[in-house]
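Notes to accompany the following structure.
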Amino acid sequence: MKALCIYAGPQAKQHLAKHGLGAADVGVIPAAAGGPKGLILGPLDRFLFNEWLPTSQNAIDLVGASIGAWRMATACMPDSRAGLLRLEHDYIHQHYELKPGQKFPSAQQVSDSFRDNLDLFYGGSIESLLKHPRYRLHVLTSRGKGLLQREHPLLSPLGYGVAFLSNLIHRKAMGFSLERVVFSSDGQLPFETQDYATRHLALTPYNFMDVLQASCAIPFVLKAVHSIHGAPPGAYWDGGITDYHLHLDWQQSSSGEQKSGLVLYPHFQKSVVPGWLDKALKWRHKATPFLSNTVVLAPNPDWVKTLPNGKLPDRKDFASYGQDLQSRVKVWQAATSASQQLADEFAQWLLRPQMSDVQEL
């Protein structure tokens, strides 16, 4: 059974039919939020960043939220292959000892452990990864406004309730509660920002750790990050809240210029869901003109059914396996090992591209 599905927007499909796909054709690589689901993309990431993309010289914008930001920051490290392997290992083996009477670790406990791991993971590499000769890193976070301006045990749940109701009315209306804040190592944003309230700031050695932790700070699972250097005050949460799967206007840059280059999107599913609060809003899961020049690489849903438990790893597994770390590790490692097939099939397609394998996004 084939593991890989290739989906392309209209503009991207025309390009593939005429030119195939070369490393120099890629202008942007997005990386979605989604927690453990992102583990399935490990072998594909290692193929892209360590075997295929090095055959070209063009600059590429790497845009990530949550685990996607962690993946893209790691791809900028001097030894990205070792970094991506370590990311996979560390994520799979994360574990939190519970105190007597605890059913789940506290948000503070998870945040403290995650920060310690980030310090160990990126220590000594921050300046070099931010100055990568080819890759421009853009990390998305969600900054709270109004009731969400500061994290609070009572006001934060109420604030997210207001954000949910606003989002039901119109995605842009959620901007009264949360704004998209993008921290960039260099250059303009590779997407237009008229779709949603957006702020663009510099990603520097002074704020890198706080920004990356904020981008991964799932509300009520981790603590929000406050007082980020070079950023306005407020509570900064997971970038996936505003931009779950980065359904962004890739057709134009933030300067209004037409973008050149394709958007190559390794993703864990076909649908590119705009925001975290849109997960249940199926009518927002369809492709839009924003994705016209996008190529999505995603696992075949039938192949996913052959994985342990018939699904991708996900956050529910933390509750399902509880303190049985060994069993969860075994299942997640089996899934990531099987996902090598995704990378192998994409490498084969690049050598002998067949448009019959390309589906409409």
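For segment 180-194, what does the Karplus curve 6.51 cos²θ - 1.76 cosθ + 1.60, with θ = phi - 60°, yield as ³J(HN,Hα) per residue in whole Hz, taken in order and with x for Gly and Pro?
7, 10, 10, 9, 10, 6, 5, x, 7, 5, x, 8, 7, 10, 6
Classify segment 135-180 as rounded, prolate or oblate from the Cα gyration tensor: take a ≥ b ≥ c as the square roots of its eigenvalues, call it rounded if a/c is under 1.5, otherwise prolate when a/b beats b/c and oblate if not.
oblate
Would you work out the charge dipole size for segment 1-139 about its Cα centre, treating the Cβ of every Lys and Arg as +1 and the Cβ of every Asp and Glu as -1, and quote it to the nearest 20 debye?
Taking the Cα centre of segment 1-139 as origin, the dipole is about 440 debye.
Using only DSSP helix segments of four residues or longer, with each worth -39500 (n - 2.57), what per-residue ellipticity at 222 nm results for the chain after dividing by its residue count and rounding to 500?
When only DSSP H runs of four or more count, the value is -9500 deg cm²/dmol.
As a test, work out the antiparallel percent of DSSP beta bridges whose residues both lie in the chain, rounded to the nearest 5.
Roughly 45 percent of the DSSP beta bridges within the chain come out antiparallel.
Is the chain best put as rounded, prolate or oblate by its Cα gyration tensor, with a ≥ b ≥ c the root eigenvalues, rounded for a/c under 1.5, and otherwise prolate when a/b is larger than b/c, oblate when not?
In terms of gyration-tensor shape, rounded.
What FRET efficiency, computed as 1/(1 + (r/R0)^6) with R0 = 35 Å and r the Cβ-Cβ distance, is obtained for N50 and S320, rounded to the nearest 0.05?
0.60
May I ask you to compute the full-extension gain from Q340 to S113, defined as 0.36 nm times their residue separation minus their alpha-carbon distance, rounded to one decimal in nm?
Between Q340 and S113, full extension yields 78.8 nm more.
I need the calculated FRET efficiency for the pair D79 and S227, taking r as the beta carbon distance and R₀ as 35 Å, to the nearest 0.05.
It comes out at approximately 0.65.
In what sequence, highest mean first, do 108-121, 174-187 appear when ranked by Cβ atoms within 10 angstrom?
Most protected by this proxy first, the peptides run 174-187, 108-121.
FYI, it's all coordinate maths here, none of it is from the lab. Please read these numbers as outputs of a predicted model, since none were measured by experiment. Counting neighbours? That spans all protein chains shown, and the Cβs are built from the backbone with ideal geometry, glycine included.
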